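Engineer: Can you read through this structure? Questions will come right after.
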Amino acid sequence: KQQQYHNQFSVFDRFYDYLQYPSGEDWVEYSNDYYSVMLPHGAYSSTDCSVSDDLGLDAGFSVTCYSSAYYSVSYLISTMGDQFEENRREVRENIQINGQDALWVSVTTTDYRTWEYNAVFLEDDADGMIYMISDAALNFADDFEYFYSTFKL
């Protein structure tokens, strides 16, 4: 009986660990002067939020910062999967991330049925930035949801 209890406890432990760290890796908090986000342990990070790009993760996730003086969310969405032209499909949904209004966008194509590019856009008028939180079309849905849900300005 003790062995059976131990095995059940291990299953619960693994499930709890998965809820905390969907990828099965340890996640650590990264923060700079603009935002904080949880990311896989050992991922690349930088220390500022430049106009071009900011944080590229080895898992393919990224937070890219754009100046709203030069870019619009509509323009950035139009570049997602633009190589597929008339076969490009997109879905948009308004969501909230830690009390902030955000726009979740999924782009697919009829050319490659398994290809899907997801991004979440947050605009911050106070700092004049658009934050694009992306999965780089890698299809790690649970990990990506955890990644973008931890984003805080």
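The values are calculated or read from the model by the stated rules, or taken from the named source; none is laboratory data. Just so it is clear, the structure is predicted and the values come from calculations on it, not from any experiment. Using ideal geometry, Cβ is built from the backbone for each residue, glycine included, and neighbour counts are taken over all protein chains shown. Calculation scope for accessible area: heavy atoms of the full protein, side chains included, ligands and nucleic acids excluded. Shrake-Rupley method; radii C 1.70, N 1.55, O 1.52, S 1.80 Å.
Engineer: With a 1.4 Å probe and all protein chains left in place, how much of the accessible area of segment 58-104 comes from carbon and sulfur atoms, in whole percent?
Structural biologist: Ligands and nucleic acids excluded, carbon and sulfur give 42 percent.
Engineer: Highest mean first, how do 98-108, 84-94 rank when packing is the count of other Cβ atoms within 10 Å averaged over residues? Could you put the intermediate results ahead of the total?
Structural biologist: Details: 98-108: 15.5, 84-94: 11.7.
In descending order of packing, they fall as 98-108, 84-94.
Engineer: While we're looking at this one, here's another question. Within segment 86-100, find all residues whose amide N lies under 18 Å from a label point positioned 7 Å from the Cα of S74 along Cα-to-beta-carbon.
Structural biologist: From segment 86-100, the list is 90-94.
Engineer: Separate question: Beyond 20 Å, what percent of the Cα pairs of segment 82-153 remain? Before the final figure, lay out the partial values.
Structural biologist: On the way: 847 of 2556 pairs.
Percentage above 20 Å: 33.
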